[in-house]
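Just so you know, all these numbers are worked out from the coordinates, no wet-lab data involved. It should be emphasised that the depicted structure is a prediction, and the values quoted were computed from it without experimental measurement. Every residue, glycine among them, receives a Cβ derived from its backbone with ideal geometry; neighbour counts consider all protein chains shown.
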Amino acid sequence: MAPITVNEQGYYGEFGGAFIPEMLHPNVEELRQKYLDLSSQPDFQREFQHLLRDYVGRPTPLYLAKRLSEYYGTTIYLKREDLCHTGAHKINNTIGQILLAKRLGKTRIIAETGAGQHGVATATVCALMGIQCIVYMGEVDIKRQAPNVARMRMLGAEVRPATSGSKTLKDATNEAIRDWINNPVDTHYIIGSVVGPHPYPDMVARFQSVISEEIMWQLEEHTGKKYPDAVIACVGGGSNAAGAFYHYLNEEKVRLIAVEAAGEGIHSGKSAATSVLGTKGVIHGSRTLLMQTEDGQIVEPHSISAGLDYPGIGPMHAHLISTGRAEAISITDEEALEAAVLVSRREGIIPALETAHAFAALKYMQYKPSDILVFCLSGRGDKDLDTYMKHL
Ligand SMILES: *Cc1c(COP(=O)(O)O)cnc(C)c1O
C-alpha cells in the first residue's frame, strides 16, 4: 500500500484540498509555502521541544491501567494527555502554531471555539508570548461555557460573540474567517483540529504527532515492543486521534480505531456520527465527510460532549475510514457517561466526556487477552463534572 500522507495539493486520497474564498488565498498560500520549512528549522525545533517539556509537561506518561485491564481481560495503556498544561492535548498544537506565527511576523492571533477548550489553549500561548488574542465564540456557547470564557478573559484574550445564525461554532468560524480576510498581513488564524483548508490538517497532525512519537518509545520501555495491537482515540475534528495514530499510519499490523459520538443514537436525528451519516462535501475549506441534507445544508450535530459536537471530520480520517485503514465506532451519550464512571472508579482518573467515548468503544471491539491496547486519554474531566453529577 502507498504510504499514507498528504500530497502537495493537500489531499489524502480524495479528501482534503483548500476550498477558500479568493480573498483568503494570500494568507493560506503564505502558510502553505512556509509551514514545513519554518517548523523544521533547528531554532524552531529547539523552542518547540523546550516548551513541550518545561511548559506543557511532556513527555506525558504512558500508564498501564491495571484495574481497567483486569476488568476487560486484556492489556490497556493510557497515554496521559490529560496531564498536559491546560488539561488536554490541544496545547501541543497551539504551541506549534504560535511559534510559526511569530516566525511569520504576525502580531495578532484569532481563533474560534465552541466549548472553549481550544480558545483556552490559544489564549494560554498568546499570554505566554505576549501576543494579542481574539477568540470568536457563538453567543449561545458563551452562555453555556462560562468557566472557559472566564479563563480566556483571565489570560487576557478578548472573547467576541458571534451573534448570527445559530450563534454557535459555525457562526464563530464565519466571524473568524471574516476577520482574517480583513487583517491578512498581521494576523494568524489558529485552527484547533485537523480540519480546515490545506495546510492546516497536515500542520496540526504534525504538531500533535508528538503523542505517537512518545507512545512508541514508551511502549518499548514497558513491553519491549514499539507496536501495540490497537490505538484507540475519540474523534471530533480528529486532532488527538491524528496525533496518536501518526507514527503508526503505515504499520498495518496496528489497528487504528476512531471513536465518534452517536449522541442519542446514530439514527435519532441527534448525533455526530459523521463516518456513518456523512457524505462527501466541503466544510470549513476542505473536502471531507460531513453531515448534510440532500441540498447541501449542514445538519446540526449533537453530542453530550461539546468537543465531539462537530458535523464533519478531518480529511485524513475520512480517508483512513473510507479506505478501511481505520475502523470507526460510534458511541452514544449514555454509553460515554457509563464509561466515564467506570474509568473514574477503576483507575482514579476522571476522563473528559470526549475521551470517555473512546473507552466505551471497548464493548464493541474485538480483542484478545494477549493484545496491547493504547488509549489516547485526550483530556481531564473537571470541565464535565456538572454533566457527570446529573447522570449519577
Ligand atoms: C477538543 C477535544 C477533543 C476533540 O478534538 P479532536 O480534534 O478530535 O481531538 C477530544 N478530547 C478533548 C479532551 C478535547 O478537549
Computed over the chain: longest principal axis from alpha-carbon atoms vs helix 210-223 long axis, angle to nearest 10 degrees, is 20
Roughly how many Å is it from the Cα centre of the range 116-163 to that of the range 333-392, as a whole number?
27
What list do you get for HIS25, HIS319, HIS85, HIS357 if you sort them by fewest beta carbons within 10 Å?
HIS25, HIS85, HIS319, HIS357
I need LYS363, LYS90 ordered by Cβ neighbour count within 10 Å, fewest first.
LYS363, LYS90
Between the residues GLY224, TYR189, TYR200, the Cα farthest towards the positive end of the dipole of the range 99-236, that dipole coming from +1 and -1 charges on the beta-carbon of Lys, Arg, Asp and Glu, is from TYR189
Shape call, the chain: gyration tensor on alpha carbons, a/c limit 1.5:
rounded
Per GNM of the chain with C-alpha springs under 10 angstrom, the most fluctuating residue out of ILE266, ILE329, ILE134 is ILE266
For the chain, with a Gaussian network of springs between Cα atoms less than 10 Å apart, report the residue from ALA233, ALA241, ALA65 with the top mean-square fluctuation.
ALA65
Find how many whole Å separate the alpha carbon centroid of the range 14-89 from the alpha carbon centroid of the range 221-280.
15
Using Cα springs under 10 Å in a Gaussian network model of the chain, which residue among GLU327, GLU47, GLU213 shows the largest mean-square fluctuation?
GLU47
May I ask you to list the lysines whose Cα is less than 17 Å away from that of LYS66, ignoring any residue fewer than eight positions away on the same chain?
LYS79, LYS368
Relative contact order [Cα under 8 Å, 6+ residues apart], the chain, whole percent:
19
Return the long-range amide H neighbours of SER286 (sequence gap of 5 or more, or a different chain), with a cut-off of under 5 Å between placed amide H atoms.
PHE19, GLY196
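Let me have the 222 nm mean residue ellipticity of the chain computed from DSSP H runs of 4+ only, each contributing -39500 (n - 2.57), with the sum over all residues rounded to the nearest 500.
Values: 16 runs with 161 residues, N = 392.
That comes out to -12000 deg cm²/dmol.
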Helix 169-182 against the longest principal axis of the chain: what's the angle in degrees, Cα atoms only, rounded to the nearest 10?
40
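Would you mind ranking TYR246, TYR71, TYR63 so that the residue whose beta carbon has the fewest other beta carbons within 10 Å leads the list? Could you put the intermediate results ahead of the total?
Details: TYR246 21, TYR71 15, TYR63 18.
Neighbour counts put them in this order, fewest first: TYR71, TYR63, TYR246.
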Going 7 Å from the Cα of MET23 toward and past its Cβ, which residues in the range 139-182 have a backbone nitrogen under 20 Å from where you end up?
160-165, 170-182
What lysines sit close enough to LYS106 to cross-link, taking a C-alpha to C-alpha distance under 18 Å and skipping anything fewer than 8 places away on the same chain?
LYS34
Among the aspartates and glutamates, select those whose C-alpha is under 16 Å from the C-alpha of LYS102, and discard any that sit fewer than 8 residues away in the same chain.
GLU30, ASP37, ASP43, GLU47, ASP186
Rounded tilt (10° steps) of 25-40 against the dominant C-alpha axis of the chain:
50
